[in-house]
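Nothing in this text is a laboratory measurement; each read-out follows from the coordinates by a stated rule. This is a predicted model, so every value here is computed, not measured. In this analysis, Cβ positions are derived from the backbone assuming ideal geometry, glycine residues included, and neighbour counts consider all displayed protein chains.
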Amino acid sequence: MSSEADTGPLPLAQRLSEPAIADAVSYAVDQMTPEYVARPETVDDLTGLIKSAAADGAAIIPWGGGTQMGLGNVPERYRLGVDLTGLNEVLRYDPDDMTMSVQAGCRLQDLNLMLRENRQILPVDAAYPEQATIGGLVAVGASGPRRLGYGPLRDLIIGMTVLMADGTVATAGGQVVKNVTGYDMMRLHHGALGSLGIVVSVNLKVIPRPQSERTVVATYQTLKDADRAALDVAASQLGVTALVVTNPEATAEGTGVRGRFWGLAVRCEAPPSAVVRQAERVVQYIQASAEEVFTEESSDESDARWQHICRAIDQRRDSPDIAVRLGIRTSRTRDNAGSLLDELKSFGLSRLTLDYGSALGYLRFPGSEITSEDFTEIVRACNRYGDHVTVMTAPAEWKHAIDVFGSRPAGFSMIESLKANLDPDRLLNPGRSVGRL
Amino acid sequence: MSTGNLKQRLTAAVGPSAVLDDPYDLLVYEYDASDEVIAGNHQPDFVVLPETAEQVAEVVRIARELNVPVTPRGAGTGLAGGAIAARGGIMVCLTRMKNVLEINYLDRYAIVEPGLINLDLSVRTTPDGYFFAPDPSSQKACTIGGNVANNSGGPHCLKYGVTSNHILGLEVVLPNGEMIWTGGAAPESPGIDMTGVMVGSEGTIGIVTKAMVRLTRVPEDVNVLMAPFPTIDAASSAVSAIIAAGILPAALEMMDALTIQAVEAAYHAGYPTDAGAVLLIEIDGLAEAVAESTEQIVTICKHHNANEVRVATSQAERDLLWQGRKAAFGAMGRLTPNYYLQDTVVPRTKLPETLRRVDEIGRDHKLKIANVFHAGDGNLHPLILFDRYKPGELERVLSAGTEMLHWCVDVGGAISGEHGIGLEKKDHLTLMFSPQDLAAMAGLKKSFDPLNYFNPEKVFPTGAGCGEIDSLKKHARWEKMGIHVV
């Protein structure tokens, strides 16, 4: 490194050898394969690498566990894939302070296993926690159904270290749960899809692990019935931590209930004797028009149920399905989801998950059964009924024609200005973020 | 540009009754709730009191065109000098914009104007079973716009989180004169989280003209416990034990003996004046869970030598206990002509040693220090009591304050938990952040406000000699970012 300080960064070709074809392909994004792939194991290595890439003008795509790499517009350029799973150290964990600092490549499941020993959790949903990394979760900025009870990942982040495109390492926030010192740069990078900097490490607050949990599941003939039950629970003081309605296909997968029923799943988390009463009271709220109601009577079964539900929402990058997320506020869910379903009838919608606790809806279509014209029509219909629409996964050739994040948000000139100031050479994920940033 | 012409244009924008430039009228706007001997004061050239977002935008466009600094202000209850017109110019005071524009319980939000007083919103929605969770102690006076600017906290953010967690969207006038909506009722709208970036930016990158705020369901049950302890140490270890037991109270507050004396003299809230410290603990949620957690907390407090644990049995009793806590700063007048309120945070486990250190610092500098704070969050509020007219006392107060900041940073804490940086603490920012860290933040500032005319002089440290944020660039890679300062 010292010689580099004198002579400037090494060219990438000297720093890295070209990857084996198999490696390059496994780091492909939207069918673009990188010229180089690297898996740095220290922040210094990563910094050197980014400086080299910057000197070469090489576009960089950072990778975590890869579970969400289907998200984003088709990259404009892609020469260097940076796998951050080598940065997987837990830098500190202070159980009594309920805080931790972890490198970007730490996997969610590993963290929760560690936290479990101290009866704590990081209450973040991911369909594949054994793969998903913290850095990836932060960059994507998506939170699942447990947002209702614990807030989004965004609100658990208390500090962050980011490698900027110019090779400087910038930290913001700190190691305490309450802090207004300096700008909240954590929120700038959360959900920015790595377009303004590469998240190197994240400081998080964790919470006491709920002492016990139950999940109440109910099935209904119609969306209308399920919606009414969901709204009743939402308006109650039962303090449930997740509340999701599923269409018959997703119900079969997520709840295991066979038949053509809409499903409702309600997560209860509380001290051991309280949770039993809580679940009983939930049942009273939702049973009136239900076909069937049952309660997962153990914490493990309850937890497993939600893992299924998260998988109906999310999917692996290599899945052939098309996935769309829409913002859909609770008060309009029944009407909008109903109308949307009518319009999408002919496209073979496979799963619809309506997260009443988050005001988000998730749709999945079997990719093999629809055409690119169908796809355009689906996106258009979603835009009519959603507050906002994001195409989470779709074949690259279809994504070319659209901005997967929909129309440019208000104040886009500020976002462009941020990009121009923080990544002037557009090295980080060029073209992938909102407005093809 | 003469000031006469500026006055004309401002008057045309907001009307004659909404432009102040009489020095007597301006006097009150020189200050906020910080002590001006510490944070400083400065008179704006004009105060405008717009009534609509369009008027705010128009004032900003005029200021931009004429290159006049703009400083937004709510109720002026800030404690760090954030709402002081440090370079003069136009102060945009938003207190006439105080309407509740929409309440939507089904989707759990309200849209309010920035000048709405924090408590007024909850007063309006609580009968329907909803409330706005951020509850700074000044909530009877402070505005929601100010809460957004400072990312304010309050006793209940232990469970409910700080203001940022409760802001779903914002209508903002940007330094380029554009007015935009960020965020919305459904989360995860694509793009950069402009709402999150705006909250806590202390009016340096935009002026909030409407806020879409989250409404939280009133919990089914609530218990307020008051537990006096013989010593601060005993109370601190009870705090750690409660957190370690996996209980998350809604609030977990501590007051020391000096504070109790002041509070009791002023309000007779029912705190025992012979205690070394008291904990005020609120538990809320599902009735069954509240009952279960209450039992656990009572056991823990007794185990840590609480003199007693009193559970408030009526709403009146709960309110009285809370009034004593929330009005504690005001009660300090019973003890001292002036106080310097620090707002630092330490990891929760560092509380006992930090409180010992605060006590030591007080003794070293021959100053009395009262402590009233958010123990559950590790957010301290040492109040250094003094008399500004006693020769030499102010210098000792400032040294004591700085020593506390150093200590808190050294044990892994932060120099402001909820009051903000403003003018008061900007030169201490370097205790926590490197030039590279600050350069990244300056990149954000520059992206929104390249002319550096929105609430200038705030947040960023004064560089040695040059007095502007550009002094950082010799340390970091600012040249590359092309930052220039007017």
Q | Positive-end extreme of charge dipole, the stretch B:100-217 - chosen from B:180, B:192, B:165 (charges on Cβ) | A | B:165
Q. How high is the relative contact order of the stretch B:221-330, in percent, with contacts defined as C-alpha pairs under 8 Å that are six or more residues apart?
A. 44 percent
Q | Extension gain, residue B:434 back to residue B:388 (0.36 nm per residue minus Cα-Cα distance, nm) | A | 13.2 nm
Q: Just tell me which aspartates and glutamates come within less than 13 Å, Cα to Cα, of residue B:366; anything on the same chain fewer than 8 places away is out.
A: B:387, B:393, B:395
**Q.** Helix axis angle, B:232-244 relative to chain B longest principal axis, alpha carbon, degrees
**A.** 80 degrees
Q: Let me have the 222 nm mean residue ellipticity of chain B computed from DSSP H runs of 4+ only, each contributing -39500 (n - 2.57), with the sum over all residues rounded to the nearest 500.
A: -10000 deg cm²/dmol
Q: Could you give the spread of the C-alpha atoms of the stretch B:221-330 along their three principal axes, from largest to smallest, in whole angstroms?
A: 37, 29, 20
**Q.** Stretch gain in nm, segment residue A:22-residue A:342, where the contour uses 0.36 nm per residue and the Cα spacing is subtracted
**A.** 110.9 nm
Q | Cβ-placed point charges (K, R +1; D, E -1), dipole of the protein assembly as shown about Cα centre in debye, nearest 20 | A | 680 debye
Q. What is the set of long-range amide H partners of residue A:200 at a cut-off below 5 Å, with H atoms built 1.01 Å from backbone N?
A. A:161, A:162, A:163
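Let me confirm one metric for peptide A:420-433, namely the mean number of other chain beta-carbon atoms within 10 Å of its residues' beta-carbons.
Details: counts 5, 13, 6, 1, 3, 1, 0, 0, 0, 0, 0, 0, 0, 3.
The mean count of partner-chain Cβ atoms within 10 Å per residue comes to 2.
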Q. Which percent, nearest 5, of DSSP beta bridges in the protein assembly as shown are antiparallel?
A. 90 percent
Q. Taking only Cα atoms, what is the 0 to 90° angle, nearest 10, from helix B:257-267's long axis to the longest principal axis of chain B?
A. 80 degrees
**Q.** chain A, relative contact order [Cα under 8 Å, separation at least 6], %
**A.** 17 percent
Q) Which lysines does residue B:140 reach when only Cα atoms under 19 Å apart count, and residues fewer than 8 places away in its own chain are ignored? A) B:98, B:326
Q. Treating the beta-carbon of each Lys and Arg as +1 and of each Asp and Glu as -1, no other charges, what is the dipole magnitude of the stretch A:322-399 about its Cα centre, to the nearest 20 debye?
A. 300 debye
Q: List the extent of the Cα atoms of the protein assembly as shown along each of their three principal axes, largest first, rounded to whole Å.
A: 82, 65, 59
Q. Which percent, to the nearest 5, of DSSP beta bridges fully inside chain A are antiparallel?
A. 90 percent
Q. Hey, if you put +1 on the Cβ of every Lys and Arg and -1 on every Asp and Glu Cβ in chain A, which of A:134, A:381, A:349 ends up farthest toward the positive end of that dipole?
A. A:381
Q) Helix B:351-364 versus the longest principal axis of chain B: what is the Cα-based angle in degrees, 0 to 90, to the nearest 10? A) 80 degrees
Q. Dipole of chain B, Cα-centred, from +1 at each Lys and Arg C-beta and -1 at each Asp and Glu C-beta, to the nearest 20 debye?
A. 700 debye
(Q) Residues of the stretch A:422-437 with backbone nitrogen within less than 11 Å of a virtual label 7 Å along the Cα-to-Cβ line of residue A:403, please, listed as ranges. (A) A:433-437
Q. Amide H to amide H under 5 Å from residue B:386: which residues, 5+ apart in sequence or cross-chain, H placed 1.01 Å off N in plane?
A. B:338, B:339, B:340
Q | Residue (of A:410, A:308, A:429) at the positive-pole extreme of the stretch A:307-430, dipole from beta-carbon charges | A | A:308
**Q.** Label-point separation, residue A:284 to residue A:7 (7 Å along Cα→Cβ), nm
**A.** 7.8 nm
Q. Tell me, what HN-Hα J-couplings in whole Hz come from the Karplus equation 6.51 cos²θ - 1.76 cosθ + 1.60 at θ = phi - 60° for each residue of the stretch A:350-357, using x for Gly and Pro?
A. 9, 9, 10, 10, 10, 8, 5, x
Q) Hey, how many Å between the Cα centroid of the stretch B:1-75 and the Cα centroid of the stretch B:336-385? A) 36 Å
Q | Span per principal axis, largest first, for the Cα atoms of the stretch B:1-43 (Å) | A | 36, 22, 16
Q: Report relative contact order for chain B in percent, whole number only (criteria: Cα-Cα under 8 Å, sequence separation at least 6).
A: 14 percent
**Q.** Mean-position separation - Cα centroids, the stretch B:170-186 and the stretch B:387-412, in angstrom
**A.** 39 Å
(Q) Give me the extension gain from residue B:17 to residue B:178: residue separation times 0.36 nm, minus the current Cα-Cα distance, reported in nm with one decimal. (A) 55.4 nm
Q.
Within 10 Å of each Cβ in A:189-195, how many Cβ atoms from other chains are there, averaged over the peptide?
A. 3
**Q.** Nearby lysines by direct alpha-carbon distance to residue B:445 (threshold 17 angstrom, same-chain neighbours under 8 apart not counted)
**A.** A:419, B:426, B:458, B:473, B:480
